[in-house]
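> Just dropping this structure here.
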Amino acid sequence: MSYNVVVEEETGEYPNVRRVNVPRPCMQCDVPPCVSVCPVNATYKNGDGVVVIDADRCIGCRYCITACPYGARSFDFGEDYSREMQGYADVQSPEYGVQRGARGSYTPPIGTVRKCTFCTHRTARGEEPACCETCIGDARYFGDLNDPDSVVSKLVADPRAFRLREELGTEPRVWYLR
């Protein structure tokens with residue numbers, strides 16, 4: 001599963017070529033097209049506005065994948081890297097905040113759609129999403145856009161701030177700096 005694809009773009013012409021890496025998690029849209037197409041209401045916005053998927057409800061129809069203009073959703077075909085990862089069974093990994101037991105003792109929700117949830121299981125404990133905590137370049141920030149004193153509010157106020165595909169009217173809540 002890929003919850004946070006990084007798209008690599010090359011701009012310019014030789015010798016003035018530049019590579020840009022654009023992380024593309026779920027944009028956590030305020031007007032998410034994926035929610036309105038889900039026939040079983042498995043995709044919804046939770047109380048803090050994060051778009052989540054109830055894996056127990058998802059029927060795997062993939063309408064939400066088609067509706068997402070950012071390509072931020074993946075279908076779980078049941079493939080994993082367990083044979084390639086030494087010690088994988090020694091780590092707990094709650095899916096969407098639901099503790100399902102130690103790895104190997106449960107069957108993941110295969111045949112459903114998955115996506116980034118801003119690590120709601122971590123943010124509920126007051127932690128940052130894993131991508132922010134582990135970013136080696138300290139290039140990711142997470143916080144309350146409604147708090148004018150927060151770091152993210154100040155970054156979004158910067159003239160370099162932009163959102164992907166704003167013209168679609170989805171009101172993405174992920175911002176970038178040029």
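> Highest mean first, how do 165-171, 16-22 rank when packing is the count of other Cβ atoms within 10 Å averaged over residues?
By packing density, highest mean first, the sequence is 165-171, 16-22.
> Let me ask another. Rank Asp76, Asp54, Asp138 by accessible area, highest first, at a 1.4 Å probe radius?
If we order Asp76, Asp54, Asp138 from most to least accessible, we get Asp138, Asp54, Asp76.
> Using the alpha-carbon centroid of each, what span in Å lies between the stretch 140-178 and the stretch 19-61?
Centre-to-centre (Cα) distance: 19 Å.
> Ok, one more. Please state the equivalent ellipsoid semi-axes for the stretch 103-174: what are the square roots of 5 times the Cα gyration tensor eigenvalues, largest first, in whole Å?
Ellipsoid semi-axes (Å, largest first): 28, 18, 12.
> Rolling a 1.4 angstrom probe over the protein heavy atoms, how many square angstrom per residue are accessible across the stretch 21-76?
Value for the stretch 21-76: 45 Å² per residue.
The values are calculated or read from the model by the stated rules, or taken from the named source; none is laboratory data. Nothing here was measured: the structure is a model prediction, and the numbers come from that model. Positions of Cβ are backbone-derived with ideal geometry, glycine not excepted, and every protein chain shown enters the neighbour counts. Ligands, DNA and RNA are stripped out before the accessible areas are found, and what is left, the full protein with its side chains, is counted by its heavy atoms. Shrake-Rupley method; radii C 1.70, N 1.55, O 1.52, S 1.80 Å.
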